[in-house]
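To start, the structure itself, in structure tokens.
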Amino acid sequence: MQDKKVVTRFAPSPTGHFHLGGVRSALYNYLFAKQNKGAYILRSEDTDKERSKKEYEDGFLELFKWLELKPDQFFRQSERTEIYKKYLEKMIENDFAYISKEEVREEGQRSEVIRFKNPNKKITFNDIVLGDITFDTTDLKDFVIARSLTEPLYHLTVVVDDYEMKVTHVIRGQEHIANTPRQLLIQEAIGAERPLYAHMPLILGKDRAKLSKRDPEVIPALEYRDLGYLSEAIINFMALIGWNPGGEAEVFTLSELIEKFDLNKIQKSGGIFNSEKLDWLNKEHMKKLPAEEIKNKIFSFLPLEFQNDKLIPVIFERISKWSDVKIMLKAGELDCFSKFKQPEYDKAKLVYKNVTPDKISDNLKLAIKALEDVSEENFTTENVKISLMQIADSLQSRGELLHPVRYALSGKDKSPDPFIIAEILGKNETLSRLQKAL
RNA sequence: GACCUCAUCGUCUAACGGCUAGGACAAAUCCUUCUCAAGGAUUAAAUCGGAGUCCGAUUCUCCGUGAGGUCACCA
């Protein structure tokens, strides 16, 4: 059997900030096209001159560049007016559409528009995800398909473009399901072949409503890049809302997704966007990165005084996206590693549980003595740990030594362990902080 | 309101009509160096309700309920 080359398209309108819902639409179209060695088209639906803005188009172009979802072709509907005009003329000539005199009710309305002559019939299409869906098009009336020959509207342009661009699979969100009968009718009128449809479940916000451009809670997709998420994590995560390959694996690269993707396994019901799981998945992808890249990324957020290789693992295990470094910094979580920021604390907190202050002092003295014996060049995490643990293990509980030492060095209830802090601070500073605590 | 669609743990989801309904995120508990983090282990947590078909229903059918989408001279 000679199959037609698969052609998919993603057709956003540049009328607002692009959010993650659109990323998934683009992604599924991309995955399906690539899997079938077909073409993926990106089409800017900018026929609405009032609302379309260049900056929004630039936004999603940049977004797809970041996500590495490169389209094989790119079109702008505003540059295709002549094509739509031809179809409109032909439809009018063949009596599928007509110029209609209108009562002007609002400002900006035309007294004349082009309406589609609705055959008023039942129309059924088979959706790959949802199965057969039937509509009675009578409810649609003679809908408007263009304001004028040179001002075509959405339903007309979509159908003409999908036909002209030989689109074989229309993969889009379920919000388009009610648009489908209109588009089917226009297809029949212009003699276009019907593509296959796959309507994806909607991505919902916490309130279970569709993600919307107008919702202030919904973050523009590009901001995820600025927050330091990995593009592969975003792609992986979005792919998994509304689809999954069936096994128990969840971490996939783009090329694995291309291989595994299956239109028939798309979910029917909407899914809520769960940012906690995104963070987890992002961390999983971060762990796969080469050490050098992790270091560079983390350093790029760090002032010079903190750019210490020893600090990388301490920071890395506490973040799930790069911008978290900034948050740690701002929250002062790294202050204990700075020689210039003396810890300030309540000395009562040096005491561990119900151990007496005298005992704590004794322990601190032991710690100082032990650390004095460690030479400056051997003052490493491992050596500090060995010498401190030797004392700690001889005590009733390790905490009565480790707690005051850690607290004296960090001045914080919660901090990384005292050994790494000691190494980064160096012998002198470590001893001076312990002395001070005494 | 009309039309259309959907319904498994809190969330994302798995389960040819057939084991005890599985996994992941989140949560809780414990372990691992005093705290935090990371890691490990464990626990709790779901088939919307009612009929029907069937030896057997999460799965098929119908009704109900609930949720969502669409009803532009926007896309």
How many residues does region A:146-168 contain that are part of a strand (DSSP E or B) and surrounded by 21 or more Cβ atoms within 10 Å (Cβ to Cβ)? 2
Matching residues in region A:290-319 - criterion: being within 16 Å of RNA strand B (Cβ to nearest atom), surrounded by 14 or more Cβ atoms within 10 Å (Cβ to Cβ) and farther than 23 Å from A:K414 by Cβ: A:I294
Quick check: is even one residue across region A:71-90 more than 16 Å from RNA strand B (Cβ to nearest atom), more than 30 Å from A:D136 (Cβ to Cβ), assigned by TED's automatic domain parsing to the domain that holds A:L257 and not polar (S, T, N, Q)? yes
When A:N274 is run through (1) within 12 Å of RNA strand B (Cβ to nearest atom); (2) crowded, with 17+ Cβ neighbours inside 10 Å, the failure sits at (2)
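Rundown of residues vs (1) in contact with a helix residue (DSSP H, G or I) (Cβ under 8 Å, 6 or more places away or on another chain); (2) touching a residue at least 60 places away in the same chain (Cβ under 8 Å); (3) part of a helix (DSSP H, G or I); (4) more than 10 Å from RNA strand B (Cβ to nearest atom), yes/no style:
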residue: A:K321; (1), (2), (3), (4): yes, yes, no, yes
residue: A:E344; (1), (2), (3), (4): no, yes, no, yes
residue: A:L364; (1), (2), (3), (4): yes, yes, yes, yes
residue: A:K385; (1), (2), (3), (4): yes, no, yes, no
residue: A:M389; (1), (2), (3), (4): no, no, yes, no
residue: A:A392; (1), (2), (3), (4): yes, no, yes, no
residue: A:Y407; (1), (2), (3), (4): yes, yes, yes, no
residue: A:K414; (1), (2), (3), (4): no, no, no, no
residue: A:T430; (1), (2), (3), (4): yes, no, yes, yes
Does region A:314-332 include one or more residues that are among the β-branched types (V, I, T) and in contact with a Leu (Cβ under 7 Å, 6 or more places away or on another chain)? yes
For the list (1) surrounded by 19 or more Cβ atoms within 10 Å (Cβ to Cβ); (2) farther than 21 Å from A:A198 by Cβ; (3) near RNA strand B (Cβ under 8 Å from one of its atoms), I need the number of the one condition that A:F143 fails. (1)
Taking the conditions exactly as written (touching a residue at least 24 places away in the same chain (Cβ under 8 Å) and not charged (D, E, K, R)), does A:N120 satisfy them or not? no
Of all residues in region A:91-109 being within 11 Å of RNA strand B (Cβ to nearest atom) and modelled with pLDDT of 90 or more, which is surrounded by the most Cβ atoms within 10 Å (Cβ to Cβ)? A:S100
Given the criteria surrounded by fewer than 17 Cβ atoms within 10 Å (Cβ to Cβ), under 16 Å from the mean Cα position of the chain (by Cα), assigned by TED's automatic domain parsing to the domain that holds A:K70 and not in a helix (DSSP H, G or I), does A:S212 qualify? yes
Residue among A:R24, A:R43 that is assigned to a strand (DSSP E or B) and touching a helix residue (DSSP H, G or I) at 6+ places or on another chain (Cβ under 7 Å): A:R43
Those residues of region A:239-263 which are within 10 Å of RNA strand B (Cβ to nearest atom) and not in a loop (DSSP other than H, G, I, E, B), in sequence order: A:A239, A:W243
Quick one: A:K349 ticks every box in (1) under 30 Å from A:K287 (Cα atoms); (2) among the basic types (K, R); (3) not in a loop (DSSP other than H, G, I, E, B) except a single one, so which number is it? (1)
Scanning region A:1-59 for residues that are farther than 17 Å from A:A239 by Cα and polar (S, T, N, Q), which turns out surrounded by the fewest Cβ atoms within 10 Å (Cβ to Cβ)? A:Q2
Are any residues in region A:286-319 assigned to a loop (DSSP other than H, G, I, E, B) and of a type in the set (S, T, N, Q), and if so, which ones? A:S300, A:Q307, A:N308
Out of all the residues in region A:190-237, which are more than 14 Å from RNA strand B (Cβ to nearest atom) and closer than 16 Å to A:G16 by Cβ? A:P216, A:I219, A:P220, A:A221, A:L222, A:E223
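The values are calculated or read from the model by the stated rules, or taken from the named source; none is laboratory data. Predicted model, so just to flag it, every value in this text is computed and none were measured. Note that we place each Cβ from the backbone using ideal geometry, even for glycine, and neighbour counts take in every protein chain shown.
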